[in-house]
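The values are calculated or read from the model by the stated rules, or taken from the named source; none is laboratory data. Keep in mind the model is a prediction, meaning the values are calculated, not measured. Cβ coordinates were reconstructed from backbone atoms using ideal geometry, including for glycine residues, and neighbour counts include every protein chain displayed. When the accessible area is computed, the model is the full protein with side chains, heavy atoms only, and any ligands, DNA or RNA have been set aside. Shrake-Rupley method; radii C 1.70, N 1.55, O 1.52, S 1.80 Å.
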Amino acid sequence: TADLRSVASDVAEFVAPLALEQGKTVALSGASEPVWIKGNAEMLGRAIRNLAENAINHTAQGSTVEFVVDDDGTISVLDEGPGIKDEERKLIFRRFWRRDRRKPGSTGLGLSIVQRIAELHSAVITVENREPHGARFSLKFVLVSA
């Protein structure tokens, strides 16, 4: 079992210097108590970190990347970037796929790793665009039975 809130907090703390270096901020909100889910904390951290790093890299200076942990076992990473085009929704989880192949520093593996970790944890991934701009990536995990 793993505490989703604790894992999200650790990832937010880890990526905060990267965000600040790029003129962005990180916020954590949602559940105030532990959210116990079925999963491996290290693998969950890797998935959330990949989502966070993507969000930081695709959002404008002066914006915030937000982590929201819900009591139902959902973690969402919200950004203020360009969002995800409808035709790219299925492509973004393919290995080595990148929107801009000319941009250095990306291998196109991050979201495929997130998808694989979600599969291994019986989690559901959703991707939504935010108004007026930005994206929300969510992972819903199985809660530990009381």
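At-a-glance table
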| read-out | value |
| --- | --- |
| Residue tally, condition under 21 Å from HIS121 (Cβ atoms) and polar (S, T, N, Q), over segment 1-49 | 4 |
| Unmet requirement for THR59, which otherwise passes all of (1) within 30 Å of SER145 (Cβ to Cβ); (2) among the polar types (S, T, N, Q); (3) open to solvent by less than 20 Å² (accessible area, probe 1.4 Å); (4) modelled with pLDDT under 95 | (1) |
| Flag if GLU66 is of a type in the set (Asp, Glu), over 14 Å from the mean Cα position of the chain (by Cα) and modelled with pLDDT of 85 or more | no |
| Filtered residue count, segment 12-53, keeping only those that are assigned to a helix (DSSP H, G or I), acidic (Asp, Glu) and open to solvent by 50 Å² or more (accessible area, probe 1.4 Å) | 3 |
